[in-house]
1. Give, in whole angstrom and from largest to smallest, the semi-axes √(5λ) of the equivalent ellipsoid of the chain, with λ running over the eigenvalues of the Cα gyration tensor.
2. For an R0 of 25 angstrom, estimate the FRET efficiency from the Cβ-Cβ distance between Gln108 and Phe56 and round to the nearest 0.05.
3. Going through the DSSP H helices of the chain, which span 27 Å or more along their own axis at the Cα atoms while scoring at least -0.5 as a mean Kyte-Doolittle hydropathy?
4. Nearest 500 deg cm²/dmol is fine: what mean residue ellipticity at 222 nm does the chain get from its DSSP H runs of n ≥ 4 alone, each adding -39,500 (n - 2.57), divided by its residue count?
5. Within the range 33-112, which trypsin sites (Lys or Arg not before Pro) sit in a loop by DSSP and count at most 14 neighbouring Cβ atoms inside 10 Å?
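Nothing in this text is a laboratory measurement; each read-out follows from the coordinates by a stated rule. Here the structure is a predicted model, which means the values were calculated and not measured. Every residue, glycine among them, receives a Cβ derived from its backbone with ideal geometry; neighbour counts consider all protein chains shown.
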Amino acid sequence: MMIKRFDFVFSYWIFAWFIFYEMGIIPYNPKIALIIALLTSFIELTVMIYYKNSLFNIFLFSFINFVMKVIPIFFLLNTSYNINDFYAFLVLFIIYLLWLLVNKLNIQKEVKNVIRRLKHNEPVGPFIYYINNI
């Protein structure tokens, strides 16, 4: 079973964007990206619950997503965003896809692997994998 590197998980890219935004390095607001990522994570969580993943894996997944998505969204609640922020999200996603291609990652195969791991109570990301092995 191949465990993804951190740079192969788009959520970490979005979290880095949030940090750079908060530091004033990037002018584009990541709020819409964080909301989309949170919705995606909610779907993954629903699948984990449906397939009766362990409470420990569900807790870790929820905790990581709370730290990486819910807390940043909370920080950005009173910020405004515009269409340029959405375009920045699209550009970042295209760069991410190119990064996966450069690293010869088969995107379709990786999506199937994530679904398989969700169904079989296996770690779906690198952080959960490393925590599980401690």
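1. 26, 18, 13
2. Step by step, r from the Cβ atoms, then E = 0.25.
3. Qualifying helices, which must be both long enough and hydrophobic enough, are 31-50, 83-102.
4. That comes out to -21000 deg cm²/dmol.
5. Answer in residue order: Lys52, Lys104.
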